[in-house]
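Written out below as structure tokens is the structure these notes cover.
The values are calculated or read from the model by the stated rules, or taken from the named source; none is laboratory data. Owing to the predicted nature of the structure, the values given are computational and were not obtained by experimental measurement. As a convention, Cβ positions derive from the backbone with ideal geometry for all residues, glycine included, and neighbour counts pool all protein chains shown.
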Amino acid sequence: MEALSSQIVNLAAKLEPEHDTQGAFERLLENEMIRRLNRYQLTDRVLHNKYGMSFSDFKTRRVVEERGYSFEAESDFWDWEMALDGIETVETMLAELRGGRVH
């Protein structure tokens with residue numbers, strides 16, 4: 001990995017002044033991961049409420065087919081699938097970053 005520019009390091013230090021450089025970047029990464037996790041979880045909740053079922057039930061009941069393969073149903077299917085995959089991915093990344101630390 002190339003070295004980070006001094007400008008980037010200085011900005012990170014300003015955003016996270018209570019941490020050393022490593023800690024500042026870990027904290028910034030953690031915050032971004034949490035932001036993404038929240039966005040994915042919101043998508044999951046919104047679609048769960050919209051259809052009144054889990055994604056698993058949505059697939060099993062073939063809602064996309066039932067709704068005539070409408071753009072809305074297909075788009076929701078892919079958004080929902082991406083959100084659930086994102087939740088799993090980000091949770092794994094957070095656990096790796098935290099390395100067992102409790103927050």
Tally up the residues in region 5-25 that are loosely packed, with under 13 Cβ neighbours inside 10 Å and over 21 Å from residue 94 (Cβ atoms), please. 7
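Let's see how each residue does on (1) modelled with pLDDT of 95 or more; (2) under 30 Å from residue 11 (Cα atoms):
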{"site": "29", "(1), (2)": "no, yes"}
{"site": "48", "(1), (2)": "yes, no"}
{"site": "59", "(1), (2)": "yes, no"}
{"site": "64", "(1), (2)": "yes, no"}
{"site": "67", "(1), (2)": "yes, no"}
{"site": "77", "(1), (2)": "yes, no"}
{"site": "84", "(1), (2)": "yes, no"}
{"site": "89", "(1), (2)": "yes, yes"}
{"site": "96", "(1), (2)": "no, yes"}
Of all residues being of a type in the set (Asp, Glu) and closer than 30 Å to residue 30 by Cα in region 40-92, which is surrounded by the most Cβ atoms within 10 Å (Cβ to Cβ)? Just the residue, please. 76
Just the residues that are in a loop (DSSP other than H, G, I, E, B) and in contact with a helix residue (DSSP H, G or I) (Cβ under 7 Å, 6 or more places away or on another chain), please, taken from region 1-27. 16, 19
Suppose the filter is of a type in the set (Gly, Ala, Ser), at pLDDT 95 or above and outside any helix (DSSP H, G or I); does residue 100 pass it? no
Using beta carbons and a limit of 7 Å, which pairs, at least six apart or on different chains, have the first residue in region 57-74 and under 18 Å from residue 46 (Cβ atoms) and the second one not in a helix (DSSP H, G or I)? 73/67
The number of residues in region 1-38 that are free of Cβ contacts under 8 Å to residues at least 12 places away in the same chain and either closer than 20 Å to residue 96 by Cα or under 21 Å from the mean Cα position of the chain (by Cα) (or both) is 10
Could you please let me know if residue 35 is exposed (fewer than 13 other Cβ atoms within 10 Å of the Cβ), within 30 Å of residue 23 (Cβ to Cβ) and of a type in the set (Lys, Arg)? yes
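Let's see how each residue does on (1) over 19 Å from residue 88 (Cβ atoms); (2) out of contact with any Asp or Glu (no Cβ under 7 Å at 6 or more places or on another chain):
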site: 28; (1), (2): yes, no
site: 32; (1), (2): no, yes
site: 35; (1), (2): no, yes
site: 39; (1), (2): no, yes
site: 58; (1), (2): no, yes
site: 61; (1), (2): yes, yes
site: 67; (1), (2): yes, yes
